[in-house]
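The structure appears below as structure tokens.
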Amino acid sequence: MANIPPEIIEIILSKLSSKSLLRFKSVSKSWNTLISNPLFIQNHLQSSDNSPDNLFLSTDTYGTDRGFTLVEFEVGNIHSGEISVESIPNGYDRILCECNGVLLLTSIHGEFNEYDTYALWNPSTRSQMFVINRCEFNEDHEVDCGICYDQITGDFKVVIVYATKYAIYSCNNNSWTEKYLGTKFYSILGTPGAAIFVDGATYWIFGVESRNISGTQLLYFDPRTDELKILKKPEQLCDDKFHLINKASLGGRLCLYHYNYNENSIQIWIKEKGIDVGENSTNWKEFMTVGNFRVPFLWITPICFVGNKVVIQVERKKFVYYSPTEKTFQEFADIDVNCNGFIPYRNSLYFPTGVKMTTITDQQSRFISPEHLFHVGNKYLCM
């Protein structure tokens, strides 16, 4: 190993699983320093994102003891399994948001049954910590929440949005900040868990009521300024014939999809990369139009790319490939995946720093699975 240049060692290590890298920290002091370096952690995640694996977790355990379903999409097939309940932070059964491989969890079926206690969990590194909402917005109801990563400060931030205020928890500072919105937000997509983190910001679709603007709007949290902002939609989609369904992440970029009532079609638009890009609506680009869509349009969710095709969930247990170039559908075989939504499962070393870590060993979990698919564990924060 002494004859291998350090840059080659770094490239080789960046291709490995998070579980292997945690073991390799003990090989030498230099390897431990390298694997713990924030730039290496960033490059490792980018390398993992460029892999052909399309792994996703269901967002809910549905009150069962099987854990979250993990699904892999590939050409012509869907493979599924579960992460066992021993591997999940105790009492947490709903995934609200994903950010750089770190998941924001809450409990809706378990002992808490409240949206005031949360867990941050990285299933790849066996890391977890707990967050208790200390903000007292008794007169306001929670609209939604999410998690964001500030790349400048290396800080994970939990954001809880209320009707007229929002609260930010800084993992670096172990502190809460409360801010007023100056307008009123309300949920249009049901229960909390509709946030997505993509390209440096966390996005929601809310209903907005104010003097200057109203109706369905796309909002994002900017971690650099800790501000909630409205992002302009494509001008072509401001017509009343369009119904804004939802947003998603495709290929690491934000996309919006709308339903055209006149033509029974779905239009998907993709935003240029960058947090600030999109202030002007011309920075949206139409990606594809799917005509004659007869299924219930509220179910439609783009999941990921498989080759040059897009995997789209069209019903709870029904998925299709869509080819934008050929404008054709290809259905998957029937699968036993009961899920309202999916969160990316990413091979990541990211986690809030400065907290003592403990782990759950493989022998403590009943679940046996391929090493690169399921890695879980513990990390505790006393609040």
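The values are calculated or read from the model by the stated rules, or taken from the named source; none is laboratory data. This one's a predicted model, so the numbers in the text were calculated from it and none came from an experiment. Every residue, glycine as well, gets a Cβ built from its backbone with ideal geometry; the counts of neighbours run over all protein chains shown. What goes into the accessible areas is simple: the full protein's heavy atoms, side chains included, and nothing from ligands, DNA or RNA. Shrake-Rupley method; radii C 1.70, N 1.55, O 1.52, S 1.80 Å.
Coupling constants for segment 143-148 follow from the phi torsions by the Karplus curve (6.51 cos²θ - 1.76 cosθ + 1.60, θ = phi - 60°), and in residue order they are 8, 5, 8, x, 10, 9 Hz; glycine and proline get x. Counting only protein heavy atoms and using a 1.4 Å probe, the accessible area of MET288 comes to about 10 Å². What net charge is computed for the residues neighbouring PHE287, neighbours being all others with C-beta under 11 Å from the C-beta of PHE287, Lys and Arg scored +1, Asp and Glu -1? Computed value for this residue: +2.
The string of couplings for segment 262-270 from the Karplus curve (6.51, -1.76, 1.60, θ = phi - 60°) is 5, 10, 6, 10, 10, 10, 10, 10, 10 Hz, one whole number per residue in order, with x for Gly and Pro. Converting phi to 3J(HN,Hα) with the Karplus coefficients 6.51, -1.76 and 1.60 and the offset θ = phi - 60°, segment 216-228 yields 6, 9, 9, 10, 9, 9, 8, x, 6, 10, 6, 10, 8 Hz in sequence order, with x at every glycine or proline.
Relative to the current alpha-carbon distance between GLU7 and LEU39, full extension at 0.36 nm per residue lengthens the span by 10.2 nm.
Label-to-label distance, GLU263 versus TYR180, with points set 7 angstrom from Cα along the beta-carbon direction: 4.5 nm.
Once backbone amide H atoms are built at 1.01 Å from N, TYR92 has no partners under 5 Å, excluding neighbours fewer than 5 places away on the same chain.
For LYS273, neighbours were defined as the other residues whose beta-carbon sits under 13 Å from its Cβ, and their charges (Lys and Arg +1, Asp and Glu -1) total 0.
Grab the other residues whose beta carbon is less than 11 angstrom from that of GLY146, score K and R as +1, D and E as -1, and report the net. It would help to have the intermediate numbers written out before the result.
Numbers: positive: LYS157; negative: GLU98, ASP144.
Residues close to GLY146 contribute a combined charge of -1.
Under a 5 Å amide H cut-off, with hydrogens placed 1.01 Å from N, ASP144 pairs with VAL161 among residues at least 5 apart or on other chains. Here's how it looks for VAL131: its modeled amide H is under 5 Å from those of TYR118, ALA119, LEU120, which are all 5 or more places away or on a different chain.
Cross-link partners for LYS273 among the lysines, with Cα-Cα distance under 22 Å and sequence neighbours closer than 8 places in the same chain left out: LYS157, LYS229, LYS232, LYS233, LYS247, LYS285, LYS309.
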